[in-house]
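Heads up: the structure comes next, in structure tokens.
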Number of protein chains: 4
Amino acid sequence: MKSYMNKKLDHYKTSNEGNVRLLVSCPDQPGIVAAVSAFLFKNGANIIESHQYTTDPENGRFFLRILFEKNNIKEEILELQQKFTPIAEQFQMHWSITLANELKKMAIFVSKELHCLHELIWEWQSGNLMADIALVISNHEEAREIVESLHIPFHYMKANKEIRKEVETKQLELLERYQIELIVLARYMQILTPSFVSHFPNQIINIHHSFLPAFIGANPYKKAYDRGVKLIGATSHYVTNDLDEGPIIEQDIERVDHRDDAAALKNIGRTIERSVLARAVKWHIEDRILVHENKTIVFN
Amino acid sequence: MKSYMNKKLDHYKTSNEGNVRLLVSCPDQPGIVAAVSAFLFKNGANIIESHQYTTDPENGRFFLRILFEKNNIKEEILELQQKFTPIAEQFQMHWSITLANELKKMAIFVSKELHCLHELIWEWQSGNLMADIALVISNHEEAREIVESLHIPFHYMKANKEIRKEVETKQLELLERYQIELIVLARYMQILTPSFVSHFPNQIINIHHSFLPAFIGANPYKKAYDRGVKLIGATSHYVTNDLDEGPIIEQDIERVDHRDDAAALKNIGRTIERSVLARAVKWHIEDRILVHENKTIVFN
Amino acid sequence: MKSYMNKKLDHYKTSNEGNVRLLVSCPDQPGIVAAVSAFLFKNGANIIESHQYTTDPENGRFFLRILFEKNNIKEEILELQQKFTPIAEQFQMHWSITLANELKKMAIFVSKELHCLHELIWEWQSGNLMADIALVISNHEEAREIVESLHIPFHYMKANKEIRKEVETKQLELLERYQIELIVLARYMQILTPSFVSHFPNQIINIHHSFLPAFIGANPYKKAYDRGVKLIGATSHYVTNDLDEGPIIEQDIERVDHRDDAAALKNIGRTIERSVLARAVKWHIEDRILVHENKTIVFN
Amino acid sequence: MKSYMNKKLDHYKTSNEGNVRLLVSCPDQPGIVAAVSAFLFKNGANIIESHQYTTDPENGRFFLRILFEKNNIKEEILELQQKFTPIAEQFQMHWSITLANELKKMAIFVSKELHCLHELIWEWQSGNLMADIALVISNHEEAREIVESLHIPFHYMKANKEIRKEVETKQLELLERYQIELIVLARYMQILTPSFVSHFPNQIINIHHSFLPAFIGANPYKKAYDRGVKLIGATSHYVTNDLDEGPIIEQDIERVDHRDDAAALKNIGRTIERSVLARAVKWHIEDRILVHENKTIVFN
């Protein structure tokens, strides 16, 4: 399995060689696109894909994502970044220029329910989720077999409210050791402390099993059943210190009816959770999500 | 237009002649279906459509809707109802036996925004919403032209918080005069008093322009925009005295993205409001909705 | 994993003990429901779920599925079936009375692409697809690892047009040995001969990767791309001797746009194929599908 | 009503004053975006919205739509077009620069069924479909009342196979007189001759009441019913001389089941036809659709 995935990853890396992502966020003003596209043209880059968005015609903020290709980019990326700096300064940009084939290092946190983990693995094996799944952390043993069969390190760590601080300290050490850039809470079912969250701003993706902001907090399917809703949903979002209030990345729903009890809702909901989380992770690792205030701009 | 609708209604009445709806709600126990279906068979009725649901295998409540046809039912309905009474008493039933071609008398309350009214009229003209639209009440003049062109009485009644009681008194008089059985709030935008609501238990259908229970109360599209949701919804529900907390009949959603501001959400949402309200009204007038506690059972 | 599944299956069997499914198809006439429900009541059965459908009010065919519970049914099922025979004869019924906790023996045929197999396995492991997966047959080795890790027999059998007859003979032997009642073609990609199909009328479920009847035959995603469709679909259907013309069980679609090439369509389509096939298999093993002429009646 | 629409149109025109649409199609090569955006910047234009697409990384065709705002554009548009010409020539562009508030002149062709016409009118009245509905042509009288009540010219023209040529000659005269730029076939149900179609390349939008390419030709709902599909669809497309084979603009579907006969499918389908046609018309009049070979690129 490992060698199978290595082949997939190698293929991805090769086919994306020369592909570069430019992300920009700055105050809106005339001339930004002209300056950026002139810069790319002069430096021998060819634009493959481009998305832009301005929050407001007056005094808004401008967001840009360009995918371009350029020969010898691996050798010349530092030089390109340096050359871009004056433009970035002129327009007061937050920006990044990164290689599309440098995989993001990702950790998956999981509890007992494995459907979201399964989906991520399956999409990864299918070549749709090109990240480096560096490790899986769980407070249960259920996921060990599947994870280790893929030669991915599996770390069991007991977790509950009482020992949260100690556990998080250990987790942070691990995450640092593996240089993790993205944490996916694939139904982890534990609340993270503000201190932990502050290490990973807009780098922790959670799947909430309801159509937020309906049914915030625990047992959303039970609450949905009690309310008698006719649709149930799932929401993937970045984790902030306001429980279930972080920027929403993606949502979807499924139709239910009066015959579906709370257990049936939970069961039906798993399918939505799987796809809604997988899409959010995919967009994140492809640098398609920009966060502005408490909202996401998704360039897909 | 009037004569056109008269033809439609006549056609509906003729093609549903002989069709009868039996609705039952009672404590669950063995033998109910056997007793009811034997009764129907012995009385020369032929079952066309049948739905049943039990809330819980243990000590649950049983719900049944049967559509049957029977010759000469118009003359014999009283007799049939009398004959059914012993069975109903044996099983402690709430029940009704009604003619499918007796149209429910319906009032529509509307404000300035006419999209929901338009949809109801259009479905009515198309023969999908076979009710007797007896009158339209509005606190604005926008709907007068279209309503009167259909020869439906239009009643303008100023409405606001201060004069609510007086207005409702006049409305109740009107509703009684027209023997109204169903009130549809097609974006009426006024809160009804508990006293008013108590006259029409599970007979007032409202359209709320959000995916309840998210964004209860005023300005749901603004709230949805502020929260940065990726889907917006609409909910039709029976009106109770808890604002936006009555039994949900139907919900639906539409996908939106970061480019859609509050005005765009409102615009997109109108399409969902229209269809979600129209479906609820259709199911109600076809006696497909049973209310149990704060939930609906929809036999469709 | 085996013991894990054994537990799931045991749980399913226990929780469905006493549950019985009655399926009926016969010429429509008054009194069928009365006769059947009186029979069930007299024999101490309690109806849990009931669905009926008549193809046509005049001279139509009547279809009925009742789920009922009855004590000691395991011991008394033969007797119950015997007692039902006179009623069945009176109404010229095709019928069956079967125990809900007797699992159908199922074979999965698969080729190189494993996404549909994966989905079936996950749903099976999740307790949503309670069948006895007796064996997997493939003309490739890709599925062996996952299948054998679940202690399910895996049979490799080379397959192509030239050796079709010999291969099918061996397959039929295997299927007989395992007493297979349902064959699922989980992207098997081989055409079956009329002789093979005739052994399993309405017992072979295929997933076709298009929205049938659009794009019948090979390479539907390529054809969909060439036509420039804005939605792609998948269709599960029973296999007959008319290629892709058998009774449709379920369909679903996903939105695509001009940026999606044939490879992207294929990729997006896999998600739909998975869920559309899994739903069809679930409905089949729960005896929710009745076939009438070339259409399915799905009681779900 | 006329004055009401005049106000809407005036509001649209005012709020889009200064907004300009640039459409480009040319062979792909580096430097196009740089050249175009430098041009816009130098000429005092501010980009509001931008979409681009390349059919193929190698030797592909490049498509661009930019919405920009510029002061005094009404006076300076000719000058701007002239200045853009050298760039257009350098890159061998097909291109246009047009004012967003110059409404397209549109004719609607309709037959007896008015649901699509109604939807277009409502969306127009709601301000979502900012076109100049210059006239309605019909081979029936059903639409006259609603059309004339809006002070839109209504032209009755008998139509059938025998008199097609003569009728089309008259229609072409009318369309020329009104300087029509877009024809919408809102369930017109008549086939147009190649000669007629050739006058309006990619300027005639049809709604076909099936999920093309399934059920090409007449009676698609009947065909869908006979095939036993579980979803029905509608497709809006540009009309070419191959019946129902023109570039697809938009598609959507609705779920149906075994209880829905052909009449029910037709009824359910009308809702989809309405929205699918309205979206296509909206995108066309906002210049969001580019046609490449037999496919559409929709920049929405």
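The values are calculated or read from the model by the stated rules, or taken from the named source; none is laboratory data. Everything numeric here is computed off the predicted structure, so don't read it as measured data. Because the Cβ atoms are built from the backbone with ideal geometry, glycine has one as well, and the counts that use them run over all protein chains shown. With ligands, DNA and RNA removed, areas are computed over all heavy atoms of the protein, side chains included. Shrake-Rupley method; radii C 1.70, N 1.55, O 1.52, S 1.80 Å.
Using the alpha-carbon atoms, what tilt in degrees (0 to 90, nearest 10) does helix C:73-90 show relative to the longest principal axis of chain C?
Between the helix axis and the principal axis of chain C, the angle is about 80 degrees.
Within the set of other residues whose C-beta is less than 11 Å from the C-beta of residue C:154, count the net charge using Lys and Arg as +1 and Asp and Glu as -1.
After counting each charged neighbour, the total is -3.
As a test of the definition: which semi-axes, in Å, follow for the protein assembly as shown when you take the square root of five times each eigenvalue of its alpha carbon gyration tensor? Largest first, please.
48, 42, 31
Between copies, how far does the label point of residue A:145 sit from its twins, in nm, shortest first, when each point is 7 Å from Cα along Cα→Cβ?
Taking the point 7 Å beyond Cα along Cα→Cβ, the inter-copy spacings are 1.6, 7.0, 7.1 nm.
Cβ under 13 Å from residue A:92's Cβ, residue A:92 left aside: what net charge do those residues give with Lys, Arg +1 and Asp, Glu -1?
It works out to a net charge of -1.
Quick one, what does Rg over Rh come out to for region B:1-157 if you take C-alpha atoms and the Kirkwood Rh?
Rounded to two decimals, Rg/Rh equals 1.09.
Kindly report the accessible area of region B:152-244 per residue (heavy atoms of protein chains, probe 1.4 Å, no ligands, DNA or RNA), in Å².
44
Can you give the convex hull volume of the alpha carbon atoms of chain D per residue, in Å³?
147
Per-residue ellipticity at 222 nm for chain A, helices alone: DSSP H runs ≥ 4 residues times -39500 (n - 2.57), over residue total, nearest 500 deg cm²/dmol?
-11500 deg cm²/dmol
Please report the net charge: other residues with Cβ closer than 14 Å to the Cβ of residue B:167, K and R +1, D and E -1.
Net charge in that neighbourhood comes out at +1.
Check the axis relating chain B to chain A and name the residue of B whose C-beta is nearest, distance in whole Å.
Its Cβ sits closest to the axis: B:214, 2.
Just give the residues from region A:2-38 buried by at least 30 square angstrom of accessible area in the all-chains context relative to the isolated chain, probe 1.4 Å, and say none if nothing qualifies.
A:30, A:33, A:34, A:37
Specify which residue in the list B:183, B:36, B:143 is farthest towards the positive end of the charge dipole of chain B, using unit charges on the beta carbon of Lys, Arg (+1) and Asp, Glu (-1), about the Cα centre.
B:143
So the label point sits 7 Å from Cα along the Cα-to-Cβ vector; using that for residue C:102, what distances do you get to the other copies, in nanometres, sorted shortest first?
Listed shortest first, these distances are 4.8, 6.4, 7.7 nm.
Could you give the length gained on full extension between residue C:193 and residue C:142, defined as 0.36 nm per residue of separation minus the Cα-Cα distance, in nm?
15.9 nm
Determine the per residue accessible area of region A:9-104 with all protein chains present and a 1.4 angstrom probe, expressed in square angstrom.
Here the per-residue accessible area is 49 Å².
Need the C-alpha centroid separation for region D:256-275 versus region C:143-197, integer Å.
That distance is 39 Å.
Over region C:66-137, what lengths in whole Å, largest first, do the semi-axes of the equivalent ellipsoid take, defined as the square roots of 5 times the eigenvalues of the alpha-carbon gyration tensor?
35, 15, 10
In whole percent, how big is the carbon plus sulfur part of the accessible area of region A:68-158, probe 1.4 Å, protein atoms only?
Solvent-exposed carbon and sulfur of region A:68-158 make up 46 percent of the total.
Relative contact order, percent, of chain D when contacts are C-alpha pairs under 8 Å separated by at least 6 residues?
It comes to 15 percent, rounded to a whole number.
Suppose we compare each residue of region D:205-228 in its chain alone and in the full protein complex with a 1.4 Å probe; which ones drop by at least 50 Å² of accessible area?
Buried-area filter returns D:211, D:213, D:227.
Can you give me the % of accessible surface on region A:4-51 that is carbon or sulfur? Probe 1.4 Å, all protein chains present, nothing else counted.
Looking at region A:4-51 in its full context, I get 54 percent from C and S.
Give the span of region C:17-99's Cα atoms along each principal axis, as three whole-Å numbers ordered largest to smallest.
40, 23, 18
How about residue B:13: which aspartates and glutamates have a C-alpha closer than 17 Å to its C-alpha, ignoring those fewer than 8 places off in the same chain?
Straight-line reach from residue B:13, under 17 Å: B:69, B:75, B:102, B:123, B:132, B:286, B:287.
Would you work out if region A:71-190 is rounded, prolate or oblate? Take a ≥ b ≥ c from the square roots of the eigenvalues of the alpha-carbon gyration tensor; rounded if a/c is under 1.5, else prolate when a/b is larger than b/c, oblate otherwise.
Verdict is prolate for region A:71-190.
Kindly express, to the nearest 10 degrees and within the range 0 to 90, the angle between helix A:115-125's C-alpha long axis and the longest C-alpha principal axis of chain A.
The angle comes out at about 40 degrees.
Students often check this: by mean Cβ neighbours within 10 Å, which of A:270-279, D:287-296 ranks highest, and how do the rest follow?
A:270-279, D:287-296
Past 29 Å, Cα to Cα, is the threshold; run A:223/B:222; B:230/D:42; A:158/C:282; A:112/B:222; A:74/D:83; B:112/B:165 against it and keep the listed order.
With Cα atoms farther than 29 Å apart: B:230/D:42; A:158/C:282; A:112/B:222; A:74/D:83.
Residues of region C:249-297 with accessible area at least 40 Å² lower in the all-protein-chain context than alone (1.4 Å probe)?
The answer is C:251, C:255, C:258, C:259, C:270, C:274, C:295.
More than 16 angstrom separation, counting every C-alpha pair in region C:204-300; what % is that?
Value for region C:204-300 (Cα pairs over 16 Å): 53 percent.
To the nearest 20 debye, what is the magnitude of the charge dipole of region C:145-207 about its Cα centre, counting +1 on the Cβ of each Lys and Arg and -1 on the Cβ of each Asp and Glu?
220
Every other copy gets compared here: list the nm distances from the residue D:13 label point (7 Å along Cα to Cβ) to its counterparts, shortest first, one decimal.
Between copies, matching label points for residue D:13 lie 5.0, 6.2, 7.9 nm apart.
Take the Cα pairs of region C:111-270, get the Kirkwood Rh, then feed it into Stokes-Einstein at 4 °C and 1.567 mPa s and tell me D in µm²/s.
Result for D is 77 µm²/s.
Among B:57, B:153, B:201, which one shows the biggest mean-square fluctuation in a GNM of chain B, springs joining Cα atoms closer than 10 Å?
Largest GNM mean-square fluctuation: B:57.
Comparing A:148, A:254, A:75, which has the greatest mean-square fluctuation in the GNM of chain A with Cα pairs linked when under 10 Å apart?
A:75
If you place +1 on the Cβ of every Lys and Arg and -1 on the Cβ of every Asp and Glu, how big does the dipole about the Cα centre of chain A come out, in debye to the nearest 20?
The calculated dipole for chain A is roughly 420 debye.
Chains B and A: buried accessible surface, both sides, probe 1.4 Å, rounded to 100 Å²?
Protein heavy atoms only, the B-A interface buries about 2700 Å².
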